[in-house]
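The structure appears right after this line, and notes come after that.
The values are calculated or read from the model by the stated rules, or taken from the named source; none is laboratory data. Keep in mind that what you see is a predicted model, and the values were worked out from it rather than measured. Cβ sites come from the backbone with ideal geometry, for glycine too, and all protein chains shown count toward neighbours.
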Amino acid sequence: NATGPKSAEFFARAGKVFGDGTTRVTIEKDPIPRYIANGEGAYVTDVDGRRFLDLNGNFTTLIHGHGFKPVADAVAHQINSGSCFANPTEHELALAELICGRVPAIDWLRFVNTGTEAVLFAVKAARAYTGRPAIAKIEGAYHGACDWVEVSQSSTADNWGDPTEPASVPYYRGTPASVLDEVVTLRFNDVEGCRRLLAKNAHRLAAIIIDPTPSRAGLVVPDPEFVEAINTTAREFGILIIADEVLNFRQGYEGASARHGFTPDLITLGKIIGGGLPIGAIGGSREVMSVFGRGEKRPPLPQGGTFSANPLSMVAGLAAMKALDHAAFEHLENLGTRLRHRFASDIARHDAPFTVTGVGSLFRIHPKRLAPRDFREAAMTAVEATVINQLTRIYASEGIIIPNGAAACLSTPMTDADIDHVGDVFADFLSSHQQIYES
Ligand code: PMP
């Protein structure tokens with residue numbers, strides 16, 4: 001266990017003020033979380049003085065790593081000029097202009113503070129535009145904490161239901177039945193099933209929300225036929241496509257929909273566009289975004305928020321996004337390709353029961369022989385989860401933080417040497433720890 005005494009001391013204190021010891025269910029504990037003292041570039045140092053290469057990056061947010069100077073300078077300057085106002089600032093224009101200029105599907109956008117909030121308003125916008133109540137979503141996909149998108153986010157093997165018509169599974173105790181009724185659950189990469197279920201429910205579907213490469217459902221790349229089926233079926237039945245790119249916008253200069261061929265009406269953003277400060281955004285076509293108003297006193301869908309477009313998030317996001325030029329994306333792409341190739345060749349050499357999914361600066365290691373194509377195939381058995389736990393621990397003991405069973409990410413300060421270190425640890429795991437994974 002790579003967690004030290006100081007983290008243990010903090011966690012004991014935390015138990016007195018936080019019921020489960022943290023304030024985010026996603027914080028990794030094994031059995032206690034690692035408290036961080038500071039971060040620098042691709043590395044973090046914990047309160048016990050141990051340094052780690054960070055492949056979590058606050059769940060893929062920190063595309064430039066920690067303490068990125070352009071962001072730090074912009075925030076330091078802004079904080080001395082005021083942190084938030086009940087008036088707009090020029091900074092929101094600059095960040096919006098950059099995003100609208102890059103993403104083909106975004107004519108207009110609005111800022112919020114988290115990805116959850118972006119998804120919440122995108123769902124509302126789809127309802128306001130179509131006048132329909134329900135949404136379709138992908139089984140196992142994560143879209144934040146809004147009631148409807150939490151449906152079928154994760155569940156146990158006994159309640160997934162018929163594979164040709166997946167059940168809408170509640171995520172939290174007390175989910176209203178009406179919420180379940182308003183969600184149609186689809187399987188990723190299931191061309192025939194998606195066409196059939198979208199058509200069958202078309203009269204009540206405002207939108208399908210889809211993450212182009214859903215991380216919790218396996219970080220699986222969509223088949224071109226699947227992309228085509230979603231695009232054409234949605235158009236045919238007047239169902240909007242909401243591409244949730246909160247995580248996957250980091251796949252390229254124009255984002256993930258453009259990379260994979262989805263033609264969204266609305267796109268939700270977050271994470272990287274805030275440069276490490278809280279942010280979310282909803283963007284889309286002029287026509288659909290018009291539901292938020294075009295200057296009238298009472299728009300069809302009123303939207304606001306105390307901290308929306310706060311200048312600190314705006315200047316941080318602008319500094320981070322400006323630095324994400326074509327060269328930066330090329331660097332990330334090269335690092336990602338190098339690492340995935342390394343994993344694949346070591347897995348093949350050892351004929352080991354592993355496979356790696358991902359694209360661009362993202363990857364996920366699965367303790368499975370076959371590459372999963374959707375959530376059901378990516379879901380781990382108890383034995384498989386143990387293998388990944390052990391691997392995560394070995395990584396930690398070698399000075400690398402890697403998310404346990406979730407998408408891992410690379411950042412611009414990383415070098416080939418960092419990547420080779422990540423590859424070496426895995427190669428060593430394959431050759432020295434067969435007893436962990438060959439049972
Ligand atoms: N959508 C996706 C695809 C996400 O990955 C996340 C966060 N991991 C969210 C929405 C929610 O974003 P936030 O945590 O900023 O609310």
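Please determine, by comparing only the residues of region 262-287 that are within 16 Å of the ligand (Cβ to nearest atom) and part of a loop (DSSP other than H, G, I, E, B), which one is surrounded by the most Cβ atoms within 10 Å (Cβ to Cβ).
PRO264
Out of (1) in a helix (DSSP H, G or I); (2) assigned by TED's automatic domain parsing to the domain that holds PRO403; (3) within 16 Å of the ligand (Cβ to nearest atom), the odd one out for ALA316 is which?
That leaves (2) as the condition not met.
All but one of (1) away from the ligand (no atom under 16 Å from the Cβ); (2) farther than 16 Å from GLN153 by Cα; (3) touching a residue at least 12 places away in the same chain (Cβ under 8 Å) hold for ARG259; which doesn't?
(1)
Out of everything in region 25-68 that is at pLDDT 95 or above, polar (S, T, N, Q) and within 16 Å of the ligand (Cβ to nearest atom), what residue ends up being surrounded by the fewest Cβ atoms within 10 Å (Cβ to Cβ)?
ASN58
Across region 198-214, what is the total count of residues that are in contact with a helix residue (DSSP H, G or I) (Cβ under 8 Å, 6 or more places away or on another chain) and either among the hydroxyl-bearing types (Ser, Thr, Tyr) or touching a residue at least 40 places away in the same chain (Cβ under 8 Å) (or both)?
The number of residues fulfilling the criteria is 11.
So, in region 142-199, how many residues would count as being among the small types (Gly, Ala, Ser), away from the ligand (no atom under 16 Å from the Cβ) and assigned to a loop (DSSP other than H, G, I, E, B)?
5
Under the condition of being in a strand (DSSP E or B) and among the polar types (S, T, N, Q), which residue from region 1-57 is nearest to ASP418 (Cα to Cα)?
It comes out as THR45.
Quick test of your reading of the structure: VAL291 fulfils all but one of (1) in contact (Cβ under 8 Å) with a residue 60 or more places away in the chain; (2) within 16 Å of the ligand (Cβ to nearest atom). Name the failing condition by number.
It fails just one condition, (2).
Can you find a residue that is outside any loop (DSSP other than H, G, I, E, B), out of contact with any Ser or Thr (no Cβ under 7 Å at 6 or more places or on another chain) and not charged (D, E, K, R) anywhere in region 296-307?
Checking region 296-307: not a single residue is outside any loop (DSSP other than H, G, I, E, B), out of contact with any Ser or Thr (no Cβ under 7 Å at 6 or more places or on another chain) and not charged (D, E, K, R).
Need a quick list: helices (runs of 4 or more DSSP H) entirely within region 347-439 having at least 2 residues that are under 27 Å from VAL246 (Cβ atoms).
375-378, 382-397, 416-432
Quick one: in region 101-115, which of the residues that are within 19 Å of GLY255 (Cβ to Cβ) and within 11 Å of the ligand (Cβ to nearest atom) is farthest from the chain's Cα centre (by Cα)?
VAL112
Which one is farthest from the ligand (Cβ to nearest atom), of the residues in region 128-141 that are outside any loop (DSSP other than H, G, I, E, B) and under 19 Å from the mean Cα position of the chain (by Cα)?
Once the filter is applied, the top-ranked residue is ALA136.
Looking only at region 339-354, decide whether some residue is closer than 30 Å to LEU186 by Cα and at pLDDT below 95.
No: zero hits.
Looking at region 233-251, which of the residues that are within 16 Å of the ligand (Cβ to nearest atom) and charged (D, E, K, R) is farthest from ILE106 (Cα to Cα)?
ARG250
With the requirement that a residue be assigned to a loop (DSSP other than H, G, I, E, B), within 14 Å of the ligand (Cβ to nearest atom) and closer than 20 Å to ALA134 by Cβ, what does region 200-216 give you?
Those that are assigned to a loop (DSSP other than H, G, I, E, B), within 14 Å of the ligand (Cβ to nearest atom) and closer than 20 Å to ALA134 by Cβ: ASP211, PRO214.
Among (1) more than 16 Å from the chain's Cα centre (by Cα); (2) under 27 Å from ALA407 (Cα atoms); (3) buried (at least 17 other Cβ atoms within 10 Å of the Cβ), there is one condition ARG216 misses while meeting the rest; what is its number?
(1)
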